[in-house]
Amino acid sequence: MKSEDKAARDLDELGETFLGMLLGDVIAADERIKTLGDQASRRDFIRTSFAAIEGLVWTYRENVFSAAETLDELTPDLEFVFSEKSYVVTESGKLVSQPKYVSLTAMVRLTTNLAKTLSSDVVAEFGGEGWESLKKAVKIRNRLTHPKSRTDLIVDARDIDVCWTALLWLGELTTDVTQATLRRQTSHLKFLRAFVADLKSGHPLALELYEQAKARG
């Protein structure tokens, strides 16, 4: 009962935020399955849960990317990949950008690998049930989004469990990793504030470091 109360409080705190709305939709879709139990409500749950999964991945990549920018840890290659664009030169010599899709699972791994370069506190497990469930959930979503037969539209209890497992694992992963990178980012900003304060006060060491940086740059 206590764990249910805590979950309810956590959802209340999320309220009408981006992720709060997405997770609220998932819970509502799950309740419709319990009430109706039909295939339409089950398919709706898969679509709704995947909207939440994609929302989690989007906020995850944006948070880690922002931290990497702040810490000056972004390489040109990483910036290019995260932009999800490619470029072609037309016969008239014009440079044209085109969308370059990165799969959801690849983006999760890429973002996590970047986070590991930002903080040694990042711990991510990709060998367990959660990661495997996410990959299975992608296949379930794709089957429903691009159906080729009646069978493709059938969602059973195992499909629901897979999507729940994937969503909960992803929520835990993105929260833990984002918190680890945020701690590193916060520490970096505290150092910068202290350094600026030392510069303003004329601290000899800070002034020397500043002059060295100017000379290098």
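Taking first residues from segment 127-146 that are free of Cβ contacts under 8 Å to residues at least 60 places away in the same chain and partners that are charged (D, E, K, R) and open to solvent by less than 20 Å² (accessible area, probe 1.4 Å), no Cβ contact under 7 Å between residues at least 6 apart in sequence or on separate chains turns up. Criterion first (charged (D, E, K, R), within 27 Å of LEU74 (Cα to Cα), in a helix (DSSP H, G or I) and at pLDDT below 90) does LYS190 satisfy it? Criteria met by LYS190.
For segment 159-170, the set of residues classified as of a type outside the set (Asp, Glu) and either open to solvent by less than 20 Å² (accessible area, probe 1.4 Å) or farther than 16 Å from LEU19 by Cα (or both) consists of ILE160, VAL162, CYS163, THR165, ALA166, LEU167, LEU170, listed by residue number. From the set of residues in segment 85-95 that are open to solvent by less than 60 Å² (accessible area, probe 1.4 Å) and over 23 Å from the mean Cα position of the chain (by Cα), which is nearest to GLU54 (Cα to Cα)? This residue is VAL88.
Taking the criterion of being among the hydroxyl-bearing types (Ser, Thr, Tyr) and open to solvent by 80 Å² or more (accessible area, probe 1.4 Å), the residues of segment 107-135 that qualify are THR117, SER120. Just one residue in the set VAL102, VAL64 is open to solvent by less than 50 Å² (accessible area, probe 1.4 Å) and touching a residue at least 60 places away in the same chain (Cβ under 8 Å); that residue is VAL64. Note on segment 36-84: residues that are over 15 Å from the mean Cα position of the chain (by Cα), under 22 Å from THR145 (Cβ atoms) and part of a helix (DSSP H, G or I) total 11.
What tally of residues in segment 53-73 results from selecting those that are more than 18 Å from VAL102 (Cα to Cα) and among the hydrophobic types (A, V, I, L, M, F, W, C)?
From segment 53-73, those more than 18 Å from VAL102 (Cα to Cα) are 66-73; that's our starting set.
If we keep only those that are among the hydrophobic types (A, V, I, L, M, F, W, C) too, we end up with 67-68, 71.
Residues meeting the conditions: 3.
The values are calculated or read from the model by the stated rules, or taken from the named source; none is laboratory data. These numbers were taken from a predicted model, which means no experiment stands behind them. No Cβ is skipped: glycine too gets one built from the backbone with ideal geometry, and neighbour counts run over all protein chains shown. Side chains are part of the model used for accessible areas, which takes the heavy atoms of the whole protein and leaves out ligands, DNA and RNA. Shrake-Rupley method; radii C 1.70, N 1.55, O 1.52, S 1.80 Å.
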